[in-house]
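Here's the structure, in structure tokens; my notes come after.
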Amino acid sequence: MTDVNLTIACQAYDRVQALQSGEVRVEGCRTRFLPMRTEDIFRCAYDGAQFEVTELSMSSHILMLARGLPCQYLAIPVFPSRMFRHSAIYIRTDRGIDRPRDLAGRTVGVPEYQMTAALWARGMLSDEYGVATSSIRWRTGGLEEPGRKEKFGLTFGDGVTVAPIASGQALSPMLASGEIDALITARAPSCYSPGHPGVDRLFKDHRSAEEAYFRKTLIFPIMHVIGVRRDIVDRYPWVPASLTKAFDQSKRNCMWAMYDVGAVSAALPWLGDDLARTVAVMGEDYWPYGVPANRTTLETMLRYSFEQGLSPRKLELDELFAPGTLGDLPI
């Protein structure tokens, strides 16, 4: 049988390095790995489905399926990017915003309302602190430079107020000048610096807040997912399972390497201590792939997308993933 040729576009995370190097092989496939920035990957994926296998924004993938938008990819339960988002909320320090509930009634910027980091931050604020998404005036636009627009031509009902900022404006300067009260962003804004005392994080000790959140909810927020182009799945229905197995093995190789603190695998002086702290809070398999191990997190995402006006209906998990990938991971 001839191997299937696959181009895999994914950021060069440590958990995919074994795939990128060829140390781990996708059974039945000949792969070419393209390490790219996620912004560039998403643009190529959503504009012409240029890769057979690609990293995708989880929030974008959910809303496209729920809204019936043309979607050329089926997801497999591989989540190369995950991150808690308490640290993503920045505030003006002169507005009396001392606690999460103080955000109600405020004007809050976000580069795109649909972005996954914002989905999780809004959901966390609602579930854990009672701050309804509809209680905030949302403003969208570029973080540092003008011109960023909401993808997919989204419109929202009366319950959610979302409007773009002026064409020549950007969110970080608006937070610095006080034109908005707060900002949710995956990347720290340039105005968050020791030289600007008017801007700070809402959660100053965000790690402690995030650890407490995990202990309570057992949720480690998923940001991105791996997608396989539908024409590949149609022709080779075994490919999603083969890819899932290979991505999981690559992640396991990464985890094994981190435990070798005789020669640390990352440029972090206290990698061993950080790893021990993480495992103490989250357990040995703190970055799980597969649907069963992530069911609560995934169902929470689907609920958030619906509650926040992104999805017109709440998707079911079997609509999200490629056939044959909903069960336990292939061995």
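The values are calculated or read from the model by the stated rules, or taken from the named source; none is laboratory data. All figures in this text were calculated on a predicted structure; none of them were measured in a lab. Quick reminder, even Gly has a Cβ in these numbers, built from the backbone with ideal geometry, and neighbours come from all protein chains shown. Ligands, DNA and RNA are stripped out before the accessible areas are found, and what is left, the full protein with its side chains, is counted by its heavy atoms. Shrake-Rupley method; radii C 1.70, N 1.55, O 1.52, S 1.80 Å.
Long-range amide H contacts for residue 4: which residues qualify at under 5 Å (H placed 1.01 Å from N, peptide plane, sequence gap of 5 or more or a different chain)?
Amide H neighbours of residue 4: 29, 30.
Could you run the Karplus curve 6.51 cos²θ - 1.76 cosθ + 1.60 with θ = phi - 60° over the stretch 30-46 and give me ³J(HN,Hα) per residue in whole Hz, x for Gly and Pro?
Karplus-based 3J(HN,Hα) across the stretch 30-46 equals 10, 10, 10, 9, 10, x, 9, 5, 4, 4, 6, 4, 4, 4, 5, 5, 8 Hz.
Pop the C-beta distance of residue 40 and residue 179 into the FRET formula with R0 = 22 Å and round what comes out to the nearest 0.05.
Efficiency for this residue pair is about 0.15.
If you rank 287, 256 by how much accessible surface each has, with a 1.4 Å probe, what is the order from largest down?
Correct descending sequence by accessible area is 256, 287.
Quick one: Karplus J couplings for the stretch 291-306, per residue in order, coefficients 6.51, -1.76, 1.60, θ = phi - 60°, nearest Hz, x for Gly and Pro?
Values, residue by residue: 6, x, 6, 10, 4, 4, 4, 5, 5, 5, 4, 4, 5, 4, 4, 6 Hz.
Which one is right for this structure if semi-axes √(5λ) of the Cα gyration tensor in Å is calculated from it: [x] 33, 24, 18; [y] 43, 26, 16; [z] 39, 23, 16?
Calculated semi-axes √(5λ) of the Cα gyration tensor in Å: the matching label is [x].
Report relative contact order for the chain in percent, whole number only (criteria: Cα-Cα under 8 Å, sequence separation at least 6).
26
Sort 298-309, 198-209 by packing, meaning the average of other beta carbons within 10 Å per residue, with the highest value first.
298-309, 198-209
Write down the accessible area per residue of the chain in Å², having rolled a 1.4 Å probe over the full set of protein chains. Intermediate results must be reported in sequence, preceding the final value.
Values: 14820 Å² over 331 residues.
Here the residues of the chain average 45 Å² of exposed surface.
In sequence order, what are the phi-derived ³J(HN,Hα) couplings for the stretch 153-164 according to the Karplus relation 6.51 cos²θ - 1.76 cosθ + 1.60 with θ = phi - 60°, rounded to whole Hz, with x for glycine and proline?
x, 5, 10, 10, x, 5, x, 10, 9, 10, 9, x
Report, to the nearest whole %, how much of the accessible area of the chain belongs to carbon and sulfur atoms, 1.4 Å probe, protein only.
After summing per-atom areas, the C and S share lands at 51 percent.
Put 144, 128, 284 in order of accessible area, largest first, 1.4 Å probe: what do you get?
Descending order: 284, 144, 128.
Based on DSSP, what percent of beta bridges with both residues in the chain are antiparallel, to the nearest 5?
Working: 16 of 36 bridges.
In the chain, approximately 45 percent of DSSP beta bridges are antiparallel ones.
Whenever you get a sec, line up 39, 112 from highest to lowest accessible area (probe 1.4 Å, protein heavy atoms).
39, 112
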